[in-house]
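Here is the structure we will look at, set down as structure tokens.
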Amino acid sequence: MTVLVTGSSGHLGEALVRTLQAQRRDVIGIDIRPGAFTHRVGSIIDRGFVSRCMKGIETVLHTAALHKPHVATHGRQDFVDVNITGTLNLLEEAASENVAAFIYTSTTSVFGDTLAPRPGEPAAWVTEDLIPVPKNIYGVTKAAAEDLCQLFARNQSLRTIVLRTSRFFPEQDDNPNAREAYVDANAKANEFLYRRVDIEDVVSAHLAAAGQAPSAGFAKYIISATTPFSRDDVMELRSHAPQVVRRYVPEYEQQYARRGWVMAPRIDRVYVNDKARVELGWQPRHDFRSLIARLETDDDILSPLALEIGGKRYHDRVFSDGPYPVE
């Protein structure tokens, strides 16, 4: 089985190609930028390039996109071109080549404004049933591409699965208040409770989805670290998050105290991965509990794969305030 990975010079694309090559699978990585794990350089906007790359492919893992860090530096048309037209090109060619599985990497950012409850409201309990309300061109184009995937699954019988991934990038938070309140590792550790996932688990989710797609037809899944919380906690999380965390993972306090870290006082949303674990047979290895266990032995909170890939620059220049500008 030959696998086509788009965006192979990016975080997830590289992680997928690395993993597939380690498993001695036939894989072709494509990206607009050259890279150690990119075999063919070109744009998914170029239908001819996509057509040539799709020959002999059985599975497509489509990670290429313009992302949130590009919102302030790229025009809306750029997002439409890459995230919608590029995805359409891949779907068209995959359908014409009778590809067995098409896995689309989407984002929890499609939920947009539903992730910001008003004062006095409980934290958002985010499952696949929550209706997205995208708040920027990134979210809009990713949601539209999801709909394209569903269209091709229905009308062209292309077996397609959408994975809405939470944060897995290693860059610092774009929010200056978060950077001021927490050292970077502290901020990321907190996020494993409700809005972050290790890239190793994102890779395993894609491979699990590829295995299930031929019999699944079409489905969407949230891919995030398994939260320790239950739905009964959503109101208390808005005002007393440390108290809730203490009930589930009391050992976190000692490890945080050792490092001078602090727990987030409030949590406004919780991503729930139950459906992916049940239906895909996905078994994520990295969550807040396992992270605390690693801290007890002074290991890194990130997986070896995440450390091996390291950071990727979304832009060709460095900005004075934060890792990238915010619109």
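Tabulated data
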quantity	calculated
Surface/4 estimate of mean projected area, convex hull on alpha-carbon atoms of the stretch 190-327, nm²	11.3 nm²
Taking N as its residue count, the alpha carbon Rg of the stretch 112-153 over 2.2 N^0.38 Å	1.38
Nearest 10 degrees, 0 to 90: helix 86-96 Cα axis against the chain principal axis	50 degrees
For the stretch 1-67 versus the stretch 252-316, the gap between their alpha-carbon centres in whole angstrom	27 Å
Where N is the number of residues in the chain, Cα Rg divided by 2.2 N^0.38 Å	0.98
Which of Asp298, Asp81, Asp233 has the fewest Cβ neighbours within 10 Å, and the rest in rising order	Asp298, Asp81, Asp233
Karplus 3J(HN,Hα) series, Hz, for the stretch 167-176 with 6.51 cos²θ - 1.76 cosθ + 1.60 (x for Gly, Pro)	4, 9, 6, x, 5, 5, 4, 6, 7, x
Nearest-0.05 FRET efficiency for Gln254 and Asn175, computed from C-beta distance (R0 35 Å)	0.80
Ranking of Lys142, Lys312 by count of other Cβ atoms within 10 Å, fewest first	Lys312, Lys142
Amide N proximity, the stretch 258-273 versus Arg247 label position 7 Å along Cα-to-Cβ, cut-off under 15 Å	267
For the stretch 111-260: Kirkwood Rh in Å [reciprocal of mean 1/r, alpha carbons]	17.6 Å
For the stretch 1-83, convex hull volume per residue from C-alpha positions, Å³	83 Å³
Anchor Lys275: aspartates and glutamates whose Cα lies under 16 Å away (excluding residues fewer than 8 positions away in-chain)	Glu128, Asp129, Asp201
Dimensionless Rg/Rh of the stretch 210-282 - Kirkwood Rh, Rg from C-alpha atoms	1.12
Hz values of 3J(HN,Hα) by residue in the stretch 53-69 - Karplus curve (6.51, -1.76, 1.60), Gly and Pro given as x	6, 7, 5, x, 8, 10, 9, 10, 10, 9, 10, 5, 5, 7, 10, 3, x
Under 18 Å from Lys312, Cα to Cα: lysines that are on another chain or at least 8 residues apart	Lys68, Lys188
Convex hull volume of the stretch 53-186 per residue (C-alpha atoms, cubic angstrom)	138 Å³
Virtual spin-label span in nm between Asp298 and Asp232, 7 Å along Cα→Cβ	4.0 nm
Fewest-first ranking of Arg294, Arg154, using other Cβ atoms within 10 Å as the exposure measure	Arg154, Arg294
Estimated 222 nm signal from helices in the chain, with DSSP H stretches of n ≥ 4 weighted -39500 (n - 2.57), rounded to 500	-11000 deg cm²/dmol
Where N is the number of residues in the stretch 257-297, Cα Rg divided by 2.2 N^0.38 Å	1.56
Size of charge dipole - the chain - debye, nearest 20, with Cβ of Lys, Arg +1 and Asp, Glu -1, no other charges	240 debye
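Quick note: the coordinates plus some simple rules give every number you see, no bench work behind them. Remember, it's a predicted structure, so these values are computed and weren't measured experimentally. Every residue, glycine among them, receives a Cβ derived from its backbone with ideal geometry; neighbour counts consider all protein chains shown.
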